[in-house]
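The values are calculated or read from the model by the stated rules, or taken from the named source; none is laboratory data. Treat the numbers as computed from the prediction; the structure is a model and nothing was measured. Here the Cβ positions follow ideal geometry from the backbone for every residue, glycine too, while neighbour counts run over all protein chains shown. Protein only, heavy atoms only, side chains kept; ligands, DNA and RNA dropped before computing areas. Shrake-Rupley method; radii C 1.70, N 1.55, O 1.52, S 1.80 Å.
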2 protein chains.
Amino acid sequence: MSLDNIRIVLVNPIYGGNVGSTCRAMANMGLSDLALVAPMSINMDEARKMACHATHILESKTEFSSLAEAVTDCGAVMGTTARNGLYRQHAKTPREWASKAVEVAKTGKVALVFGREDNGLSNEELAICTQIIQIPTSDEFKSLNVAQAVLVCCYEIFIAYDTYEPIQEKSPEAPSEVRERMFEIWRDTLLTIGFMKEDKADHMMQGVRRILSRGTLTVDDIRILMGIAKQARWAARAGTQSHPEDRIEI
Amino acid sequence: MSLDNIRIVLVNPIYGGNVGSTCRAMANMGLSDLALVAPMSINMDEARKMACHATHILESKTEFSSLAEAVTDCGAVMGTTARNGLYRQHAKTPREWASKAVEVAKTGKVALVFGREDNGLSNEELAICTQIIQIPTSDEFKSLNVAQAVLVCCYEIFIAYDTYEPIQEKSPEAPSEVRERMFEIWRDTLLTIGFMKEDKADHMMQGVRRILSRGTLTVDDIRILMGIAKQARWAARAGTQSHPEDRIEI
């Protein structure tokens, strides 16, 4: 499993809450290898609270005294920065680097490195990195919370890794034939209930088609739409005043 | 500036830290309109601490007693969910919905709705939503921290906004209030014509909402849909057999 090959490295984290939130973000995106570089004395209660169901990552974290040590075994070392400048000109977005990270992780270790809460990564630390990541942000406030930055990077990697299968509608899109039959019944119903007259029917049906064809129309949807039209036609012909209880169950 | 038209709505937030982190995430991605629905008594010190340089968003937040009130003026109401299930089958990813959000925000308001920290959005709340967002995650731990979920959605919208190319409908998306009135009339009509009985009405209306909310619903569309429902109700009550010529022109 190549996501196991991706390590999140936090340099000098200060707040337990951020370390915990980082664990949760990692677990949400299928990562588990957390390394801390010379952490301050972090509040572990806060960390556990924010880690939520990801305390196993907190408990299995490793600690190193320098960034170089934390990434010795890593083929790609991707450092994050919010600032521009000399060492940061070749920065790319998390989306641009994500497939690279996944590719390297197929056969070796990858580190994603995040700097101090107050001051990011130093130039010396960025020099160790083989790639620089800059998350797209508003110019007004470029600095993300460290756990938020971790989440965005992990999210992009998770999508690139393609473990994700998009949610499919259970019912497939209805074939044209079925859809057209449904529109015929609607046309007839809208004439029957007096919503439109024959001379304007084509024009009105364009409007109805526009509304109903914009998204996916599944076979289930068509069944509902046909049912409504047939029932409205039936009710108009019969009149409901005389037999209000005589409703058709579907 | 259309990002100003995008409102982040938190339903019943509990933790000040999450509200503050939400403000920071919004500012990072160029958003500023925060609404809280019936917040618990949140710790404002924690909120301010986590908001960092985004306390202006915290201070200008609005509060509402229900979700419906918080989104009355919104053309698109996008609800987030981590769960699968009956009301959640047509969910798409933040990336898939981002350009839709940007498009609607060119001419009207958009709400992104996030549920309770412990329990997400209820089915009733999701029913008000025109789109359902599900963030891709590991199956092991699907539930993101609420501020993390906000960040991912805002991040995708920020990127979509950056690369947005306008196209699309002339008539702007209808506001939630108008749409809800239309659905009420449909509900009443579907009962009147005997398409459904009262005990299954909520369930059936979910199907109808799903079909009609998949694409854009413009004010013109709503006018057509209301017209159809009113006319079907009128025809069912009156019966058309007796006076086939007595059709209403629109």
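Taking a sphere under 11 Å around the Cβ of B:VAL71 and counting the other residues whose Cβ falls inside, with K and R at +1 and D and E at -1, yields a net charge of -2.
Measuring with a 1.4 angstrom probe and ignoring ligands and nucleic acids, B:GLU63 comes out at about 110 Å² accessible.
Students often forget the sequence filter, so: which lysines lie under 24 Å Cα-Cα from B:LYS61 once same-chain residues fewer than 8 apart are removed? Hits, sequence-local ones excluded: A:LYS142, B:LYS49, B:LYS106, B:LYS109.
Take the accessible area of A alone and of B alone, subtract that of the pair with a 1.4 Å probe, and the total buried over both chains is about 6600 Å². Centroid-to-centroid, using Cα positions, the stretch A:1-80 and the stretch B:131-146 are 20 Å apart. Sequentially through the stretch A:126-133, phi angles give Karplus couplings (6.51, -1.76, 1.60; θ = phi - 60°) of 5, 5, 6, 7, 8, 9, 10, 9 Hz, Gly and Pro residues having no value and appearing as x. Per-residue surface analysis assigns A:GLU177 an accessible area of about 140 Å², computed on protein heavy atoms at 1.4 Å probe radius.
Using a cut-off of 15 Å between beta-carbons, work out the net charge of the residues near A:CYS52 (Lys and Arg +1, Asp and Glu -1, A:CYS52 not included).
Values: positive: A:ARG24, A:ARG48, A:LYS49, B:ARG116, B:LYS142; negative: A:ASP45, A:GLU46, A:GLU59, B:GLU117, B:ASP118, B:GLU140.
So the surrounding residues net to -1.
Could you compute how fast the protein assembly as shown diffuses translationally, taking Rh as the Kirkwood radius over C-alpha pairs and applying Stokes-Einstein at 10 °C with viscosity 1.306 mPa s? Give it in µm² per second. Roughly 65 µm²/s, to the nearest whole number.
Could you tell me the relative contact order of the stretch A:176-238? Use alpha-carbon pairs under 8 Å, at least six residues apart, and round to a whole percent. Numbers along the way, then the final one.
Numbers: 30 pairs, mean separation 34.4, N = 63.
Computed value for the stretch A:176-238: 55 percent relative contact order.
Placing a label point 7 Å from Cα along the Cα-to-Cβ direction at B:ASP118 gives distances to the equivalent points in the other copies of 3.6 nm, listed shortest first. Checked against a 20 Å cut-off, the cross-linked pairs A:LYS230/B:LYS197; A:LYS197/A:LYS230; B:LYS100/B:LYS200 give Cα-Cα distances beyond that limit for B:LYS100/B:LYS200. Each copy carries a label point for A:LYS200 at 7 Å from Cα along the beta-carbon vector; from one copy to the others these points are 3.4 nm apart, nearest first. FRET efficiency for the A:ARG223 to B:THR62 pair, using the beta carbon distance and R₀ = 41 Å, is estimated at 0.50.
Does the stretch B:21-78 come out rounded, prolate or oblate, given a ≥ b ≥ c as the square roots of the eigenvalues of its C-alpha gyration tensor, rounded meaning a/c under 1.5 and, failing that, prolate meaning a/b above b/c?
Here the stretch B:21-78 falls in the oblate category.
For the stretch B:19-95, trypsin sites (Lys or Arg not before Pro) meeting the loop criterion (DSSP other than H, G, I, E, B) and having at most 16 other Cβ atoms within 10 Å: B:ARG83.
Within 10 Å of each Cβ in peptide A:225-233, how many partner chain Cβ atoms are there on average? Round it to a whole number, please. Don't skip to the answer; put the middle values down first.
On the way: counts 4, 0, 5, 13, 4, 2, 8, 13, 5.
Mean number of neighbouring Cβ atoms from other chains: 6.
Residues in the stretch B:52-197 average 40 Å² of solvent-accessible surface per residue, probe 1.4 Å, ligands and nucleic acids excluded. Across chain A, counting alpha-carbon atoms alone, Rg and Dmax equal 28.7, 86 Å. Only protein chains counted, 1.4 angstrom probe. Which residues of the stretch A:181-207 are at least 20 Å² less accessible in the assembly than when their chain is isolated? Flagged in the stretch A:181-207: A:TRP186, A:LEU191, A:THR192, A:ILE193, A:GLY194, A:PHE195, A:LYS197, A:LYS200, A:MET204.
With +1 assigned to the C-beta of every Lys and Arg and -1 to the C-beta of every Asp and Glu, and no other charges, what is the dipole magnitude of the protein assembly as shown about the Cα centre in debye, to the nearest 20? Can you show the working numbers first?
Details: 56 positive and 66 negative charges, 147 e Å.
With only Lys, Arg, Asp and Glu charged at Cβ, the dipole is about 700 debye.
For the stretch B:212-224, 3J(HN,Hα) computed residue by residue from phi via the Karplus equation (6.51, -1.76, 1.60; θ = phi - 60°) reads 7, 9, 6, x, 6, 10, 8, 4, 4, 4, 4, 4, 5 Hz, glycine and proline entered as x. Taking every DSSP beta bridge that has both ends in chain B, the antiparallel portion is near 10%.
Each copy carries a label point for A:GLY239 at 7 Å from Cα toward Cβ; from one copy, the others' points are 0.3 nm away, ordered from shortest. The alpha-carbon positions of the stretch B:176-238 define a convex hull whose volume is 71 Å³ per residue. Tell me the net charge near A:VAL11. Cut-off is 13 Å between Cβ atoms, A:VAL11 excluded, with +1 for each Lys or Arg and -1 for each Asp or Glu. In short, -4. Among beta bridges identified by DSSP and lying wholly in the protein assembly as shown, the antiparallel ones come to about 10 percent. Any chance you could check the stretch A:7-50 for residues losing 40 Å² or more of accessible area when the partner protein chains are in, compared with the chain on its own (1.4 Å probe)? For the stretch A:7-50, once contacts with the other chains are taken into account, A:ARG24, A:ASN28 lose 40 Å² or more.
Quick one: with all protein chains in place, what share of the accessible area of the protein assembly as shown is carbon or sulfur, to the nearest percent (1.4 Å probe)? Working shown, then result.
Numbers: 10460 of 21330 Å².
After summing per-atom areas, the C and S share lands at 49 percent.
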